[in-house]
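Following: one structure in structure tokens, then a few remarks.
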Amino acid sequence: MALKQISSNKCFEGFQKVFEHDSAELKCKMKFGIYLPPKAETGKCPVLYWLSGLTCTEQNFITKAAFQQAAAQHGLIVVAPDTSPRGCNIEGEDESWDFGTGAGFYVDATEDPWKTNYRMYSYIKDELPKLINANFPTDPERMSIFGHSMGGHGALILALKNPGKYKSVSAFAPICNPIQCQWGKKALGGYLGPDASKWEAYDATQLVKSYSGARLDILIDQGKDDQFLSAGQLLPDNFIAACTERKIPVVFRLQQGYDHSYYFIASFINDHIKHHAKYLNA
């Protein structure tokens, strides 16, 4: 699968790059950001996947999160894909900011007209890692995942649905219980149809109730002044209650005064990189 390099910038002795490729899964051109630490020039490195939130592209994280220094120090390759297929010419794909373009929700759609292209779950789980492992100096056995908001939801469900695939998982302000919030109902209803029982396969709070895989050590940071927390879109309490019941370790940190923005992410990104490095470099 051919990769086309879009940009390359030296950063903390490594390189922040952006590539484009034709996705077989999504049937469109997709971009991803990849940070290659200095260590990647001499040996194989673990890979940390970042999933961004609503309206984002591959650019938001790589330009705003200030993660590269910590990634360089810990020798981690960090991959930041786009959040949804682009330019598929589906009627209605650009009508709203929380559905369609920029809002793939990390599910495999089953409804027309979305099911042909909107297969972000399989893209992140299978196609992208294969592409990364084939083209970069990775250690395929050492892989972790994290994300923000809709991407935090994506990271949690991917870790919970694929026990043992990811060494660790963390999230910033994740959408924890999408079957119970307006964002989730709109997206899951649109992509998966009206039968709400089908939505549960992509809901972290539901998935954790039946999780029986390898031990997962989950880290979640949530801004206390996050407007979407108070609006009932994120529902972390439901997820924490389900984890507690199942005795699944979760560190939940409510950060005083922080909102939903990348200023919040940049403030705690080093803690998350360190969290993943502990497992990836073990």
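Observations
- Residue ID - most open to solvent (accessible area, probe 1.4 Å), chosen from residues in segment 90-111 that are touching a Leu at 6+ places or on another chain (Cβ under 6 Å) and of a type outside the set (D, E, K, R): Thr110
- Of all the residues in segment 118-176, those that are polar (S, T, N, Q), assigned to a strand (DSSP E or B) and in contact with an Asp or Glu (Cβ under 7 Å, 6 or more places away or on another chain) number 0.
- Taken over segment 195-209, the residue count meeting the criterion of being part of a helix (DSSP H, G or I) and out of contact with any helix residue (DSSP H, G or I) (no Cβ under 7 Å at 6 or more places or on another chain) is 2.
- Matching residues, segment 6-43, being over 19 Å from Ile124 (Cβ atoms), open to solvent by 10 Å² or more (accessible area, probe 1.4 Å), in contact (Cβ under 8 Å) with a residue 24 or more places away in the chain and in a strand (DSSP E or B): Ile6, Cys11, Gln16, Leu36
- Single unsatisfied condition, Ser170 versus (1) more than 18 Å from Thr55 (Cβ to Cβ); (2) open to solvent by 10 Å² or more (accessible area, probe 1.4 Å): (2)
- Scanning segment 237-261 for residues being open to solvent by 50 Å² or more (accessible area, probe 1.4 Å) and either in a strand (DSSP E or B) or among the polar types (S, T, N, Q) (or both) gives a total of 7.
- Any chance Lys161 is of a type outside the set (S, T, N, Q), surrounded by fewer than 24 Cβ atoms within 10 Å (Cβ to Cβ) and in contact with a Phe, Trp or Tyr (Cβ under 7 Å, 6 or more places away or on another chain): no
Conditions tested, residue by residue: (1) more than 13 Å from Lys27 (Cα to Cα); (2) at pLDDT 95 or above; (3) touching a Cys at 6+ places or on another chain (Cβ under 8 Å); (4) surrounded by fewer than 24 Cβ atoms within 10 Å (Cβ to Cβ).
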{"residue": "Pro85", "(1), (2), (3), (4)": "no, yes, yes, no"}
{"residue": "Cys88", "(1), (2), (3), (4)": "no, yes, yes, yes"}
{"residue": "Pro113", "(1), (2), (3), (4)": "yes, yes, no, yes"}
{"residue": "Tyr123", "(1), (2), (3), (4)": "no, yes, no, no"}
{"residue": "Glu127", "(1), (2), (3), (4)": "no, yes, no, yes"}
{"residue": "Asn133", "(1), (2), (3), (4)": "yes, yes, no, yes"}
{"residue": "Phe136", "(1), (2), (3), (4)": "yes, yes, no, yes"}
{"residue": "Asp139", "(1), (2), (3), (4)": "yes, yes, yes, yes"}
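- Per-region count, segment 219-229, residues surrounded by fewer than 19 Cβ atoms within 10 Å (Cβ to Cβ) and either modelled with pLDDT under 95 or farther than 14 Å from Trp183 by Cβ (or both): 2
- If you filter segment 200-218 down to residues that are out of contact with any Lys or Arg (no Cβ under 8 Å at 6 or more places or on another chain) and open to solvent by less than 30 Å² (accessible area, probe 1.4 Å), you find that the one that is nearest to Ser122 (Cα to Cα) is Tyr202.
The values are calculated or read from the model by the stated rules, or taken from the named source; none is laboratory data. Small disclaimer: the values here were computed from a predicted structure and weren't measured. Glycine also receives a Cβ, built like all others from the backbone with ideal geometry; neighbour counts cover every protein chain displayed. Accessible surface is based on the protein model in full, side chains and every heavy atom, while ligands, DNA and RNA are left aside. Shrake-Rupley method; radii C 1.70, N 1.55, O 1.52, S 1.80 Å.
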